[in-house]
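Step one of this worksheet: look at the structure below.
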Amino acid sequence: MNFAGGLHHAMPGSASGFCIYNDASLAIARLLELGAERVAYLDVDVHHGDGVQAAFWDDPRVLTISLHEHPGTLFPGTGWPEETGGPGEGEGSAVNVALPAGTGDDGWLRAFHAVVPELLRHFRPQVLVTQHGADTHFEDPLAHLAVSLDAQRLVQEACHSLVHECVEDGRWLALGGGGYAVVDVVPRSWTHLVGIAAHAPVDPESVIPSSWRDEVYARTRQLGPGRMTDGRTPAWRSWEDGYDPADRLDQAVLATRRALFPLRGMLP
Ligand SMILES: [Zn+2]
């Protein structure tokens, strides 16, 4: 776990979106250099993982999956479902789920589970690299999704389960990413992630130590959060139970499945 990493916007030849060097791309490139044949990159930051997608656009050894707010309403304006990888060998190596602005816990979890597990089970990566930008949160000032800390934790747990189920020897590199609610959200989200990755998950009902809250107040004059939960218990409906073609979230998922799944020999 490297929560100082996940700088997914940096391009091979230029800086972009607060990112100078793309540590995720460099880590994946190094894995390929060392002989990896299949690496999956999963990005749940609210912004499209454009730099990593660009770096491996033509490379069938790397499957990039990004769930993000729709490019029509948010930087960097890419990440359309039709972006599926470079022509020829790269075709089908990029996956993009463009979520409508305003998507909350239930929709976010529904979209994740409608796309990610099936792809990872099919691809069977040797390593999974995940990017956990915390800027999907409803308090984040930069974007327009409405996800709670509790849903972020459920996605982190789902990544952990998928690593043990689908990835050779459970090889997992988890990265931070964006996150601009730096008192209320980011520290709690990535603390959960570290705990989950270390097989020592933090109870969401835990009370946050007053020493930390005092430190936060001294530095920021803001009151830190009291517990490791937003008090939500997200529920999501499984895609296998059907979908509604008139629903905007379901339309987003369908667009991704229809554009991408057949390219990988999977049913849309
Ligand atoms: Zn972001």
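The values are calculated or read from the model by the stated rules, or taken from the named source; none is laboratory data. On a predicted model such as this, the values are computed, not experimentally measured, just so you know. Please note: Cβ atoms are built from the backbone with ideal geometry, for glycine as well, and neighbour counts cover all protein chains shown. Remember, those area values only see protein heavy atoms, side chains included, never the ligands or the DNA or RNA. Shrake-Rupley method; radii C 1.70, N 1.55, O 1.52, S 1.80 Å.
Details
- Cβ separations smaller than 7 Å between residues 6+ apart or across chains give the following pairs from the stretch 45-59 residues that are within 13 Å of the ligand (Cβ to nearest atom) to residues that are in a helix (DSSP H, G or I): 51/25; 52/24; 52/25.
- Screening residue 123 on (1) open to solvent by less than 10 Å² (accessible area, probe 1.4 Å); (2) away from the ligand (no atom under 16 Å from the Cβ); (3) in contact with a Leu (Cβ under 9 Å, 6 or more places away or on another chain) shows it passes everything except condition (1).
- Close pairs from the stretch 227-241: first β-branched (Val, Ile, Thr), partner open to solvent by less than 60 Å² (accessible area, probe 1.4 Å), Cβ under 8 Å, at least 6 apart: 229/149; 229/150; 229/204; 233/150
- Checked against the criterion of being surrounded by 11 or more Cβ atoms within 10 Å (Cβ to Cβ) and free of Cβ contacts under 8 Å to residues at least 40 places away in the same chain, the candidates 194, 202, 186 yield just one match: 202.
- Among the residues making up the stretch 97-128, those that are farther than 15 Å from residue 65 by Cα and not in a helix (DSSP H, G or I) are 100, 101, 102, 103, 104, 126.
- Residue 155 satisfies every condition listed in (1) at pLDDT 95 or above; (2) farther than 16 Å from residue 249 by Cβ except (2).
Let's see how each residue does on (1) without any contact (Cβ under 8 Å) to a residue 24 or more places away in the chain; (2) within 13 Å of the ligand (Cβ to nearest atom):
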site	(1), (2)
3	no, no
8	no, yes
13	yes, no
26	yes, no
32	no, no
43	no, yes
66	no, yes
69	no, yes
